[in-house]
1. Filtering the range 89-126 down to residues that are of a type in the set (S, T, N, Q) and part of a strand (DSSP E or B), which residue is nearest to Lys72 (Cα to Cα)?
2. Select from the range 69-128 the residues that are among the β-branched types (Val, Ile, Thr) and either in the same structural domain as Tyr23 (by TED's automatic domain parsing) or closer than 15 Å to Phe27 by Cα (or both) and list them in ascending order.
3. For the structure I just gave you, tell me whether Asn35 is farther than 20 Å from Ile118 by Cα and not assigned by TED's automatic domain parsing to the domain that holds Thr121.
4. When you scan the range 10-31, how many residues do you find that are aliphatic (A, V, I, L, M) and closer than 23 Å to Ser74 by Cβ?
5. What's the total number of residues in the range 10-20 that are in a strand (DSSP E or B) and touching a Lys or Arg at 6+ places or on another chain (Cβ under 8 Å)?
Amino acid sequence: MASPGAHYVLDISFEAENDLSSYQYYFVKLGTGANQVDVCNAATDQVIGVLQNKPKAGKAAQVRIYGVSKVKASAEISKGAKVGTTASGTAVAKTADGDLVAGIALTAASAAGDTMEILLTPGAQRAS
């Protein structure tokens, strides 16, 4: 998947609260400890960004909190859709009133497990 032009991003380093080595490009939330993150595990979690690497527990987790990021899809998602997290940290289209939106799909996903690109907007808007 190629995208034209430069991507301006903001990545922040946190500590992985748990083993996140299987969760590259999944949505993450703040963890329970100081400066920790963990994969989102509820559709209502407040997303802070997308994990960019594959850290083991206690290691540095690179989190994209602003800009364009790849993310794993949970199902088919249309380009331009507002997306947020599932209970497993993957992206899902958000359409219900009050749904927390973490980004806008810049590319489409045709099936679960596809990697797509989004413009991150965590905390900036609701689905409707």
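The values are calculated or read from the model by the stated rules, or taken from the named source; none is laboratory data. Please read these numbers as outputs of a predicted model, since none were measured by experiment. Cβ atoms come from the backbone with ideal geometry, glycine included; neighbour counts cover every protein chain shown.
1. Ranking the qualifying residues of the range 89-126, first place goes to Thr115.
2. Residues satisfying the conditions are Val71, Val83, Thr85, Thr86, Thr90, Val92, Val101, Ile104, Thr115, Ile118, Thr121.
3. For Asn35, the condition - farther than 20 Å from Ile118 by Cα and not assigned by TED's automatic domain parsing to the domain that holds Thr121 - is met.
4. Here the count works out to 4.
5. Selection size over the range 10-20: 4.
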